[in-house]
Structure formats: C-alpha cells, structure tokens
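The values are calculated or read from the model by the stated rules, or taken from the named source; none is laboratory data. What you are looking at is a predicted structure, and each value in this text was computed from that prediction instead of being measured. Ideal geometry is used to build each Cβ from the backbone, glycine not excepted, and the neighbour counts take in all protein chains shown. Note: areas computed on protein heavy atoms with side chains; ligands, DNA, RNA excluded. Shrake-Rupley method; radii C 1.70, N 1.55, O 1.52, S 1.80 Å.
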Amino acid sequence: MTDREIVRDLAKEVAELANEPRLLKLKDEWIALNDLHVEARPMISLQPDGECWREIIVPKTLICKENQYRQQENFLRRQLFILKELKDDTPITATFPVHYATTISSYGSLVVEKETSGHAGGSYHYKKLINNIEEDFDKLDYRKLTHDVQESERRKNFAEETLGDILKVEFRGEQFWTSGLTWEAIKLIGLEELMLNMYDDPEGLHKLMHWLMLENKNLTQQIIDLGVLNPNHIDVGIASGGYGWTEQLVPANWTREQGLTLMQKWGFAESQETVGISPDMFGEFIFPYQLPLLERYGLNCYGCCEPVEGRWKWIQQIPRLRRVSVSPWSDINVMKDILKKDYIYSRKVSPSYLCVNFDEPALKRELKEISAISNDIQLEITMKDVRTVQNDPSRCVKWVEMARSFFQ
C-alpha cells in the first residue's frame, strides 16, 4: 500500500467510529456539563502527555515513509487508540485539524533558552534573562507573532487532497496555553527571584507583571489581526482539563466565516509556580494582572496543579468563571462546599499512581472519595500529566474502566 492509501484507510475507520451513537452523544453530554445543566453526568477523560504518546503509538511501528503522511498516520492512530481502546469521554469527531504556520519571537533581544537534562522528555529549567528588573527592563520588547500564510494553505491543501472527502479538514489550535503570566515571568527572572522580589523588590515585580499583562494583550491582538484566532467552544481540549462544547459562547448558527472575538472563547489562567506564597501575596502580585486578561473572555477556567481554595476570595472575582481546577493537592471537601453546582468541579486525579506503578488500591481509593461527593457537584474527572505508562498502554484503559465503575 502507498502512504496515501494507508492514511486514507485509517481516516475511514476514524470517521466510522466517530459517528457511532456513543460518540455523537458526547457533544450533548459535554454541553450539559459546561452549561451547568442539572442532568449532567460526570465526564471522564485521560490525557496522555508528551513522551507517553510515544509509548502508546511507538514511532517504529508507523508504516508511512514520507514525513507528511507519517504525521497524519501518527495522529490518526492516536485517535483510533482513544476510540477503540481507551473509550473515555474524549469527544473525537470526524475532523482532521490543521495548525496555522505561526511562530512567536522571543522578548526582543532577550532570547529564551532552556538547560535540559539531555534526556528526551526529562527535566529542564529556563536560563533567566534579567538579573535586575530596573537595570534590564529596557531590554524587553513585546513578542511578535508571524504567520506564513502560504505554508498554512499548503498544509491545509495537502490534508484536503489526502483526506478531505473522508474527514472535515479545518484550522484548529491555540497560539498559547495560559494567560497566567507567572510562567513567562519565570522565563525572564527565574523562579527564586519571582518569590524573593515580592520582598526585595516589590515595585520592580509589579512593574514586570504589569508589562507582562500588556504584552499578553498585545499578543492576543496580533492573533486576532492575523486571522488565526480559532474557536474553542467545540470538541477541543481547553484549559487544564475538559473539552469546550458549549452553547453559551456563539449563536447556534455561527460559522467561521462570521469571525470570532475573545468574548466568544473560553479563557484560562493559573499560577502553579506560586503555590508557595500566601493568598494575600497572590492577591497583591499575581491576580491583579490576570484579571484584566480574563475579563475579555466569554467563559473562564482557572487553575491547574495548584490548590486554589486558599486563593478563592480572589479567584471568585473572575467574571463568567465556569471551570475550576481541583488538583491532587486540594481538599476535595472544602472545594465541594466552595463550588457546589455553581461551577464545574474539574477534579485532577494523581497520575503518580498510574505512571510509576499501577497502584490499583490507591487509584480506587481516590475515585471512591470523589464518588462520595459527586451528587453535590458539577463534576469532570481528568487523569492528566500522564508522562509515562512504563510502556504499558493498558494502564490507561484499566483506569478508564475503573473510573466508569464508580460513575455509571
């Protein structure tokens, strides 16, 4: 078989499975959760991350030889793993995504660099770019987004020619993940300095955070002006877990040709890196610069791995806040009382019990604790940050089956 024939056969299988009743029903079920319908059931998803996918779809098992077809094959085989084996609530549709050919520059003459462990998928840290905020501040410049229109069209035309009669080909994907800002601050001044400057140079840190807020606004405006703003109210992953289907962001008859604004999208912020600071310091140095960014979005999500209960007096001020992360380090009962059914209780379970050793008793204990409060909340359960399964993809399948047994 030719490369083209291989990917077309895979696409046909994806299209057939994506149109089965269970998959079609997922749209309404995600809408029920995201729009806070009283009949919404708990939604369950497992999200392999980074190197883990290379353990599930092993590169040497790919058949296609030419790189473009090989990339298509890899994506389609991932979809089929979710559809045929994982069978969680990931809303796979008969769609093939194409990413815009965009690049984002560094901060002017200051180029972000990483020092890595040398192991693929291993640890790394950023080399700080600024040693003294006041002295080095003028070196900063806004990042610039560039779009290679011809390359974007080439990518889309190739996908259309290969798969367009089987799957719907469309541009998808975000240009950045979070409006949290602290991740970017750490790239510039370092994690320790971010913490210490709250004491040693509070004025300088406020100056930097304000600049980062303006820089984020500038970047999102470039995304809009270049016409590469994509919808996320559909079957795409959003924030730190969950999927975007909702009827509350765009009119029912909306089409891409009508254009899109930030008020028609989900927004997202977090500040995992500042987990060690007090709620009041979060309220002084971090939240005031996140809030103006989140105010521009139609619905908002907050949090990732950090426990947010101590910061709730600030976070609850976010307009149109809908999805709140309840991390493995949160008190799930305190969060139950805070969120009730007024927000999506986005519970992140610990990947450690799955990734290191498959600790079935610990995984069941965690699910049992969640099931005990599930009737009182608007619940989604996400197994994320799954960086390895020790070359045993069946662990993912077993966890989904286990979770289903608690939430029928």
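Here is a check on your reading of the model: is GLU85 surrounded by 13 or more Cβ atoms within 10 Å (Cβ to Cβ), within 27 Å of ALA18 (Cβ to Cβ) and either within 20 Å of the chain's Cα centre (by Cα) or at pLDDT 95 or above (or both)?
When the stated conditions are applied, GLU85 passes them.
Of the listed requirements (1) touching an Asp or Glu at 6+ places or on another chain (Cβ under 9 Å); (2) under 17 Å from GLU161 (Cα atoms); (3) crowded, with 19+ Cβ neighbours inside 10 Å, PRO97 misses just one: (3). TRP312 meets each of the listed conditions (1) surrounded by fewer than 23 Cβ atoms within 10 Å (Cβ to Cβ); (2) within 20 Å of ILE381 (Cα to Cα) apart from (2).
Which of the residues spanning segment 342-355 are closer than 18 Å to VAL397 by Cβ, of a type outside the set (Phe, Trp, Tyr) and open to solvent by 20 Å² or more (accessible area, probe 1.4 Å)? Of everything in segment 342-355, just one residue is closer than 18 Å to VAL397 by Cβ, of a type outside the set (Phe, Trp, Tyr) and open to solvent by 20 Å² or more (accessible area, probe 1.4 Å), namely PRO351. Name every residue in segment 42-76 that is open to solvent by less than 70 Å² (accessible area, probe 1.4 Å) and more than 24 Å from ASN391 (Cα to Cα), in order of residue number. Across segment 42-76, the qualifying residues are PRO42, MET43, GLN68, TYR69. Among the residues examined, ARG70 does not qualify as under 26 Å from the mean Cα position of the chain (by Cα) and outside any helix (DSSP H, G or I). Take the conditions (1) buried (at least 19 other Cβ atoms within 10 Å of the Cβ); (2) closer than 29 Å to LYS207 by Cα; THR90 misses just one of them, which is (2). The single residue among GLY180, GLY204, GLY227 that is assigned to a loop (DSSP other than H, G, I, E, B), modelled with pLDDT of 95 or more, out of contact with any Pro (no Cβ under 6 Å at 6 or more places or on another chain) and more than 30 Å from ILE44 (Cα to Cα) turns out to be GLY227. Reported count of residues in segment 369-388, each being open to solvent by less than 30 Å² (accessible area, probe 1.4 Å), in a strand (DSSP E or B) and not aliphatic (A, V, I, L, M), is 4.
If a residue has to be over 22 Å from VAL349 (Cα atoms) and crowded, with 19+ Cβ neighbours inside 10 Å to count, how many in segment 16-31 make the cut?
The number of residues fulfilling the criteria is 2.
Where residues in segment 323-339 are within 21 Å of the chain's Cα centre (by Cα) and open to solvent by 30 Å² or more (accessible area, probe 1.4 Å), which of them is farthest from ALA32 (Cα to Cα)? By that ranking, first place goes to TRP329. In segment 201-216, is there at least one residue being within 20 Å of the chain's Cα centre (by Cα) and surrounded by 21 or more Cβ atoms within 10 Å (Cβ to Cβ)? Taking every residue of segment 201-216 in turn, at least one turns out to be within 20 Å of the chain's Cα centre (by Cα) and surrounded by 21 or more Cβ atoms within 10 Å (Cβ to Cβ). Is it the case that segment 1-10 has a residue that's in a loop (DSSP other than H, G, I, E, B), open to solvent by 40 Å² or more (accessible area, probe 1.4 Å) and modelled with pLDDT under 95? For segment 1-10, residues in a loop (DSSP other than H, G, I, E, B), open to solvent by 40 Å² or more (accessible area, probe 1.4 Å) and modelled with pLDDT under 95: present.
Filtering TYR69, TYR100, TYR126 for residues that are of a type in the set (Phe, Trp, Tyr) and either closer than 30 Å to ALA403 by Cβ or at pLDDT below 90 (or both) leaves a single hit, TYR126.
For (1) in contact (Cβ under 8 Å) with a residue 24 or more places away in the chain; (2) of a type outside the set (S, T, N, Q); (3) in a loop (DSSP other than H, G, I, E, B), each residue gets a yes or a no:
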| residue | (1), (2), (3) |
| --- | --- |
| ARG296 | yes, yes, yes |
| TRP312 | yes, yes, no |
| SER325 | yes, no, no |
| SER330 | no, no, yes |
| VAL334 | yes, yes, no |
| ARG347 | yes, yes, no |
| LEU367 | yes, yes, no |
| GLN390 | yes, no, yes |
| GLN408 | no, no, yes |
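Only residues that are open to solvent by less than 60 Å² (accessible area, probe 1.4 Å), more than 28 Å from PRO202 (Cα to Cα) and assigned to a loop (DSSP other than H, G, I, E, B) were counted in segment 117-176, giving 7. The numbered conditions (1) more than 18 Å from TRP314 (Cβ to Cβ); (2) open to solvent by 40 Å² or more (accessible area, probe 1.4 Å) are all true for VAL275 except (1). In the set (1) open to solvent by 10 Å² or more (accessible area, probe 1.4 Å); (2) in contact (Cβ under 8 Å) with a residue 12 or more places away in the chain; (3) not charged (D, E, K, R), THR255 fails one condition alone, (2).
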